[in-house]
Amino acid sequence: MIRKFVAKNTRYDALTDFTPIIRLNETVLHIMVNPSLPINNVQALVEYAKKNPGKLSYGTSGVGTSHHLSGELIRMVAGIDWVHVPYKGAPPVVTDLIAGRIQVGFGTISTIAPILGSGKIRMIAINNGQRYPLFASVPTVAEQMPGYTAPPSFTGYYGPPGLPRPIVQRLYSEYQRAATSPEARSKAEELGY
């Protein structure tokens with residue numbers, strides 16, 4: 001929905017050009033840092049940014065994404081000056097974070113799962129409303145920064161405008177049934193959904 005506010009030539013209106021079917025899952029977002037920085041939590045990140053205004057850069061998977069909005073919300077709530085570096089997708093964020101070309105990255109669990117525990121990155125916060133069970137020791141941004149609320153990031157399915165209600169109900173039921181199967185739930189949680 002935010003696309004029309006960040007892109008000049010959006011050819012669709014998310015509110016009228018689609019029929020919502022189901023909000024299937026929420027994506028677990030996180031904040032990671034290059035381990036060479038003396039940053040282990042959000043408070044240390046804010047302090048570092050305040051001592052080095054304009055010198056800390058954070059990478060996201062693009063302009064207008066929930067990652068970008070999260071960085072801007074942190075900037076506003078904490079009163080810091082840092083530089084947004086938008087990428088075309090999440091893997092280049094991780095690559096440049098490891099290489100030290102950026103200092104902070106916003107991402108999803110599925111993007112960093114292969115390198116977690118390698119020492120190449122450090123996860124400092126979960127950027128959702130609650131802690132994620134697979135990383136229960138990692139606090140949320142909101143726990144560390146009063147006044148911050150993470151923007152939603154979810155996977156949903158939509159149909160064409162005016163999709164008949166019986167079809168919407170049928171699709172909803174089928175997606176719901178598939179998504180709540182033990183196998184699907186287990187895989188989704190493993191991938192950070």
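The values are calculated or read from the model by the stated rules, or taken from the named source; none is laboratory data. The shown structure was predicted, so the numbers you read here are calculated from the model rather than taken from an experiment. Here the Cβ is made from the backbone with ideal geometry for all residues, glycine too, and neighbour counts use every protein chain on show. All accessible areas refer to the heavy atoms of the entire protein, side chains included, with ligands and DNA or RNA removed. Shrake-Rupley method; radii C 1.70, N 1.55, O 1.52, S 1.80 Å.
Taken over the range 137-189, residues that are open to solvent by 60 Å² or more (accessible area, probe 1.4 Å), under 30 Å from Glu47 (Cβ atoms) and either in a loop (DSSP other than H, G, I, E, B) or of a type in the set (A, V, I, L, M) (or both) amount to 5. The requirement of being open to solvent by 80 Å² or more (accessible area, probe 1.4 Å), under 30 Å from Thr16 (Cβ atoms) and not acidic (Asp, Glu) is not satisfied by Pro133.
Taking the range 41-75 as the range and being assigned to a loop (DSSP other than H, G, I, E, B), hydroxyl-bearing (Ser, Thr, Tyr) and out of contact with any His (no Cβ under 7 Å at 6 or more places or on another chain) as the test, only Thr65 passes.
A Cβ distance below 9 Å, combined with a sequence gap of six or more or placement on separate chains, defines the contacts here; from the range 137-158, residues that are under 28 Å from Gly117 (Cβ atoms) and of a type in the set (Phe, Trp, Tyr) reach residues that are open to solvent by less than 70 Å² (accessible area, probe 1.4 Å) and in a loop (DSSP other than H, G, I, E, B) in the pairs Phe154/Thr27. Taking the range 107-130 on its own, how many of its residues are open to solvent by 20 Å² or more (accessible area, probe 1.4 Å), touching a residue at least 12 places away in the same chain (Cβ under 8 Å) and not aliphatic (A, V, I, L, M)? Summing the residues that are open to solvent by 20 Å² or more (accessible area, probe 1.4 Å), touching a residue at least 12 places away in the same chain (Cβ under 8 Å) and not aliphatic (A, V, I, L, M) in the range 107-130 gives 7. Taking the condition modelled with pLDDT of 90 or more and part of a loop (DSSP other than H, G, I, E, B), does Pro38 pass? When the stated conditions are applied, Pro38 passes them. Remark: pairs (first residue in the range 56-68, free of Cβ contacts under 8 Å to residues at least 40 places away in the same chain; second residue surrounded by fewer than 21 Cβ atoms within 10 Å (Cβ to Cβ) and in a strand (DSSP E or B); Cβ separation under 7 Å; 6+ apart in sequence or on different chains) = Gly62/Pro86; His68/His84; His68/Pro86. Within the range 15-23, the presence of a residue that is surrounded by 14 or more Cβ atoms within 10 Å (Cβ to Cβ), at pLDDT 90 or above and over 30 Å from Arg177 (Cα atoms) is excluded. Have a look at Val77, Val104, Val93, Val28 and point out the one that is of a type in the set (A, V, I, L, M) and surrounded by fewer than 21 Cβ atoms within 10 Å (Cβ to Cβ). The conditions single out Val77.
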